[in-house]
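What follows is a set of notes on a single structure, which appears directly below.
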């Protein structure tokens, strides 16, 4: 999650804050130091970003600033938005495209994000009310929105496992299985695998 008002930095941005080259940053393994600030998107295998204020505090040997309370202007990626709504990532993606939700981007990388306030408004109000298009039929309020349903949670876990698996193959220089093999491995359709890969830019 990108907190409201934060302009996150990627590894290259962290290097600039610390006054070193990206190569030096990676060689010194600073990002893997247990004391280094956790990324704002720790659930991802790649494309990590950090709050520059946390990076500055770590450099100065200071305690990082207190985290702000959740805000309607927080930005959530596909996985986080799906969890907030209580559906699988695939279902959320289909709904977001059909409903015309506006995706946001940040300078640090090309992943798309969704404004928390838009999700709350569009997915909690009944059809015909402000914030949700008239005619919407399948986004009725769920009993609980704090965490995804079991099916959605399993789908998210499989997607994350796929990303980690492919990254391990890449690191080892091994060839990637084709879509059909991956679909069989994770027990989903080939189309679902294609969506997961497209979403991760893999």
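The values are calculated or read from the model by the stated rules, or taken from the named source; none is laboratory data. These numbers were taken from a predicted model, which means no experiment stands behind them. Heads up, the Cβs are rebuilt from the backbone with ideal geometry, glycines too, and the neighbour counts pull from every protein chain shown.
Below, the figures for the structure above:
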quantity	calculated
Residue count, the range 17-45 (criterion: surrounded by 15 or more Cβ atoms within 10 Å (Cβ to Cβ) and touching a strand residue (DSSP E or B) at 6+ places or on another chain (Cβ under 9 Å))	8
Unique residue being surrounded by 13 or more Cβ atoms within 10 Å (Cβ to Cβ), at pLDDT 65 or above, farther than 28 Å from residue 4 by Cα and not assigned by TED's automatic domain parsing to the domain that holds residue 45 when the list is 183, 160, 152	183
Residue match in the range 114-130 (condition: surrounded by fewer than 18 Cβ atoms within 10 Å (Cβ to Cβ), in contact with a helix residue (DSSP H, G or I) (Cβ under 7 Å, 6 or more places away or on another chain) and modelled with pLDDT under 80)	no
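Residues are listed down the side, and each one gets a yes or a no for (1) within 21 Å of residue 47 (Cβ to Cβ); (2) assigned by TED's automatic domain parsing to the domain that holds residue 40; (3) under 13 Å from the mean Cα position of the chain (by Cα); (4) surrounded by 19 or more Cβ atoms within 10 Å (Cβ to Cβ):
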position: 65; (1), (2), (3), (4): no, no, no, no
position: 70; (1), (2), (3), (4): no, no, no, no
position: 81; (1), (2), (3), (4): yes, no, yes, yes
position: 85; (1), (2), (3), (4): no, no, no, yes
position: 98; (1), (2), (3), (4): no, no, no, no
position: 106; (1), (2), (3), (4): yes, no, yes, no
position: 110; (1), (2), (3), (4): yes, no, yes, no
